[in-house]
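Chemist: My questions all concern the structure below.
The values are calculated or read from the model by the stated rules, or taken from the named source; none is laboratory data. Note that the structure is predicted; figures quoted are calculated from it, not measured. In this analysis, Cβ positions are derived from the backbone assuming ideal geometry, glycine residues included, and neighbour counts consider all displayed protein chains. Only protein heavy atoms, including side chains, enter the accessible area calculation; ligands, DNA and RNA are left aside. Shrake-Rupley method; radii C 1.70, N 1.55, O 1.52, S 1.80 Å.
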Amino acid sequence: MLSTVMVEAAARSRRTIWMTLIGVVLAVVAAFAAATAVGPETVVAVINASIRGAIPIALGAMSGIFSERSGVVNIGIEGMMLMAAYVGFMINVGLSYGSVPAALQAEPVRLGLSIAGGVLVGGLMGLLHALLTVRFRVDHIISGTVINTLALGLTGYLYLPGATTGGRLPPAVTSPLTPDAGLFYWVGEIVLEKGLITYLTVLLIIVFTIALFRTAWGLRTRAIGEHPRAADTLGINVHRLQYLNLFFSGCVAGLGGVFLTLEAVGTFERGMTNGRGFIALAVMIFGKWHPLGAAAGALLFGFATALQGQLQFFNIKIPHQFVGMLPYLLTVIVLAGFVGRARPPAHSGKPYDVE
Amino acid sequence: MLSARIVRGVGLPLLSVFTAVIIGGIFIILAGYDPIAAYQGLLDGAFGDAASLTRTLVKMTPLVFSGLAVAFGFKGGLFNIGVQGQLIMGSVTSAWIGFALPVDLGDPVLSTVVHVFLALLAGAVGGALWGAIPGLLKAYTGAHEVITTIMFNYIASNLISWLLYAGSPAEGIPPGLLNDGNGVIARTPSILQTAQLPVIYDPPGPQALHLGLFLAVIAAVFILFLMNRTTFGFELRMVGLNSPAARYSGISVKRITVLTMVISGALAGLAGAMQTLGVNYRYEPNQSLGLGFDAITVALLASSHPLGILVSAFLFGAMDAGGTRMQFNSGVPTEIVMVVQALILMFVAAEQIIRMIYRIRGKAEVGQKLSTGWGQR
């Protein structure tokens, strides 16, 4: 029973990888076509904005995959992101005060501590979700709602208007290329000049894909999400693995949160995650619980978001509100038209009792 | 075991609220405020005098409708997070009928009855249509309602922002179709006098109690009847509990899915209509901010029981109404109320925690079950 499920899952996983590759090739072709029509500046701007929009969504979706593959539905990603965004920002604010030792104020230390703090708080929120759903057997949707409400309330309660920082993450690598380099210059503008968290995210997607499908941890995780009883019989400690994976899940959501306050925006505002945690869930389903599929979905969503800012270049007169609907409409169309009936991990959302 | 039932039904929820309030107090102290002054302000603002109590009841009214909307979805096995979007659609459609359709039947009372009825109907239809789309998508394509309803929240707010756009003379952009032409604010014209929900109690102070509270109670009783005493309600609950079994016994799961979302959306639309026809007398941006999300907590707190929702909506209405006075009196930001609400929900859902803290014997029962994962039906 378990093995057939796993074989099916492996086949789906190979299909997802192929679909992703085809998607990437199509996107590159489309980018070239567009570049000849509107000029490379616009295309590169759209691609960079797509990536910027995709990163938090991709991280949220990874967070969802971590928990759902372990059998826990996580609608609290939004709250975990928001909480981490706030904490990361406030550590950055705190370490930017004049009275703080200069060693701590130095950019790598200050921002490193801010990221670590935000990620850790995300992880703690993940542990709270695990405590409620695994130990106290609270319905997963209720526990997620608790986390979202708690985060919105706490960050709003502790919000300091007008707090300033010593700056956000600079690009981790600067491009040495000049416009004379032609195509390479534009590729450099896309591949280089990004902040640390963007590169971390790409790395994480690759590592997570390999770990999930090629390691003992991944096999165990998929097993407890599909058939915890069978996994338990084989000697896997189901609950301990769920705690561990939910901690990871929270950390990854936290990284998505600190991306907003430490890399993309630079400041914190009330409720600034603005539904990204929920969109990440859509992307997770779109990617059929596979990290690469979810990453592709996140890019698609990022692209739809990026078009909002760039459509004026194409000189198209559509009210901006309709352009604003685009990412959301796209998600609905993708879900309804192309994905059809997605099959989640079989035991996702159900409590498991150790006998 | 009557005593055990009393402990479960009344004792544990009360202890949950009490514990959440204590922890909220700790947060207040940690941030350097005075918890006694804060909670005194909260109670004063919610129950202190006739005007405060009226404010509580007015805040409670839309929460009853939106809480019922969420609960109705839960009973049918659907998690409608789109109540917020359905609610604002309903508040705009009711405003539209309220200002654009003059009703003059000679007799002012008759005109009011007809016009209020039509405007409420418009609100219900607006919400129902907005809920029907995710319902149809779920039934015929399998697109999960949690995702589609959230997406439709954003689509609704964009659509309404276009309909109500104040216009930009500098750029030559005309105002939106439903804007009142004030040139600055995105709002509809005022609704006509005949479309205003009649005031049933008017204490000194800015807020008057409108007929909506009465309608909310009727709606709760009606939904209770619909869920528990009709064939449709039976089919709805069966689909919610076990949709394969429902299908094998000949129930059209598709039909029930769409109907659940239509009725849930209609209730959400009525919640929006309460704000438009009873409080603001027009649609203004942000008049219903967060109502659709509070509704989820209200429904969960009541275990989706319609009469329980009257109680939890009253509790939430009181906290909303008292929050402003609390902030004014003690400086504590109103968001602490949200923290306390989250803690209440947590303790109610995980009654084992409360049993551990207060050493209450008895076996903790497994709480309510809502999520069936993302499974198909």
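Chemist: Just to be sure before I move on: is B:A166 within 14 Å of chain A (Cβ to nearest Cβ), part of a loop (DSSP other than H, G, I, E, B), farther than 30 Å from B:V253 by Cα and modelled with pLDDT under 85 in the structure I sent?
Modeler: yes
Chemist: Continuing with the same structure: Given the structure, is A:G126 modelled with pLDDT of 90 or more and either over 19 Å from the mean Cα position of the chain (by Cα) or under 27 Å from A:A294 (Cα atoms) (or both)?
Modeler: yes
Chemist: A further question follows. How many of the residues making up the range A:21-47 are touching a residue at least 60 places away in the same chain (Cβ under 8 Å) and of a type in the set (D, E)?
Modeler: Total satisfying the criteria: 0.
Chemist: Oh, and also: Does the range B:88-97 include one or more residues that are more than 13 Å from every other protein chain (Cβ to nearest Cβ), touching a residue at least 60 places away in the same chain (Cβ under 8 Å) and not in a helix (DSSP H, G or I)?
Modeler: no
Chemist: For the range A:68-77, enumerate the residues that are modelled with pLDDT under 95 and in a helix (DSSP H, G or I).
Modeler: Once the filter is applied, which keeps residues that are modelled with pLDDT under 95 and in a helix (DSSP H, G or I), the range A:68-77 yields A:E68, A:R69.
Chemist: Please state which of the following conditions A:D139 fails to meet, knowing it meets all the rest: (1) within 14 Å of chain B (Cβ to nearest Cβ); (2) closer than 27 Å to B:E335 by Cβ; (3) open to solvent by 20 Å² or more (accessible area, probe 1.4 Å).
Modeler: Only one criterion is unmet by A:D139, namely (3).
Chemist: Does A:A163 count as open to solvent by less than 60 Å² (accessible area, probe 1.4 Å), aliphatic (A, V, I, L, M) and away from chain B (no Cβ under 14 Å)?
Modeler: Criteria met by A:A163.
Chemist: Another one. With the requirement that a residue be within 15 Å of A:I55 (Cβ to Cβ) and not aliphatic (A, V, I, L, M), what does the range A:249-286 give you?
Modeler: Listed by number, the residues that qualify are A:G254, A:G256, A:G257, A:F259, A:T261, A:E263, A:G266, A:T273, A:N274, A:R276, A:G277.
Chemist: Go through the range A:54-88 and report how many residues are more than 14 Å from chain B (Cβ to nearest Cβ), over 28 Å from A:A216 (Cα atoms) and open to solvent by 10 Å² or more (accessible area, probe 1.4 Å).
Modeler: So the answer is 1.
Chemist: Also, I was wondering about something else. Return the only residue of B:Q368, B:Q376, B:Q327, B:Q352 being open to solvent by 40 Å² or more (accessible area, probe 1.4 Å), within 14 Å of chain A (Cβ to nearest Cβ), modelled with pLDDT of 90 or more and in contact with a helix residue (DSSP H, G or I) (Cβ under 9 Å, 6 or more places away or on another chain).
Modeler: The unique qualifying residue is B:Q327.
Chemist: To continue, here is another question. Taking B:G82, is it in contact (Cβ under 8 Å) with a residue 60 or more places away in the chain, touching a Pro at 6+ places or on another chain (Cβ under 9 Å) and surrounded by 24 or more Cβ atoms within 10 Å (Cβ to Cβ)?
Modeler: For B:G82, the condition - in contact (Cβ under 8 Å) with a residue 60 or more places away in the chain, touching a Pro at 6+ places or on another chain (Cβ under 9 Å) and surrounded by 24 or more Cβ atoms within 10 Å (Cβ to Cβ) - is met.
Chemist: Which of (1) assigned to a helix (DSSP H, G or I); (2) more than 14 Å from chain A (Cβ to nearest Cβ); (3) surrounded by fewer than 20 Cβ atoms within 10 Å (Cβ to Cβ) does B:S157 not meet, given it meets every other one?
Modeler: For B:S157, the failing item is (2).
Chemist: Sticking with this structure for a sec: If the requirement is being more than 23 Å from A:V46 (Cα to Cα) and either open to solvent by 40 Å² or more (accessible area, probe 1.4 Å) or at pLDDT 90 or above (or both), which of these qualifies: A:L241, A:L262?
Modeler: Sole residue among the options that is more than 23 Å from A:V46 (Cα to Cα) and either open to solvent by 40 Å² or more (accessible area, probe 1.4 Å) or at pLDDT 90 or above (or both): A:L241.
Chemist: Please state which of the following conditions A:Y328 fails to meet, knowing it meets all the rest: (1) within 7 Å of chain B (Cβ to nearest Cβ); (2) closer than 21 Å to A:G275 by Cβ; (3) at pLDDT below 80.
Modeler: The single condition A:Y328 does not satisfy is (3).
Chemist: Taking the options A:L95, A:L120, name whichever one is open to solvent by 30 Å² or more (accessible area, probe 1.4 Å) and more than 13 Å from every other protein chain (Cβ to nearest Cβ).
Modeler: A:L120
Quick grid of which residues meet (1) within 23 Å of A:F322 (Cα to Cα); (2) crowded, with 24+ Cβ neighbours inside 10 Å; (3) within 12 Å of chain A (Cβ to nearest Cβ):
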residue	(1), (2), (3)
B:L137	yes, yes, yes
B:G142	no, no, yes
B:E145	yes, yes, yes
B:F152	yes, yes, yes
B:I173	yes, no, yes
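Chemist: For B:L197, are the conditions met, namely being more than 14 Å from every other protein chain (Cβ to nearest Cβ), assigned to a loop (DSSP other than H, G, I, E, B) and either under 25 Å from the mean Cα position of the chain (by Cα) or at pLDDT 85 or above (or both)?
Modeler: Here the answer is yes, as B:L197 does meet what is asked.
Chemist: For the range B:234-257, enumerate the residues that are open to solvent by less than 30 Å² (accessible area, probe 1.4 Å), part of a helix (DSSP H, G or I) and touching a residue at least 12 places away in the same chain (Cβ under 8 Å).
Modeler: Of everything in the range B:234-257, those that are open to solvent by less than 30 Å² (accessible area, probe 1.4 Å), part of a helix (DSSP H, G or I) and touching a residue at least 12 places away in the same chain (Cβ under 8 Å) turn out to be B:L236, B:V239, B:G240, B:S243, B:V253, B:I256, B:T257.
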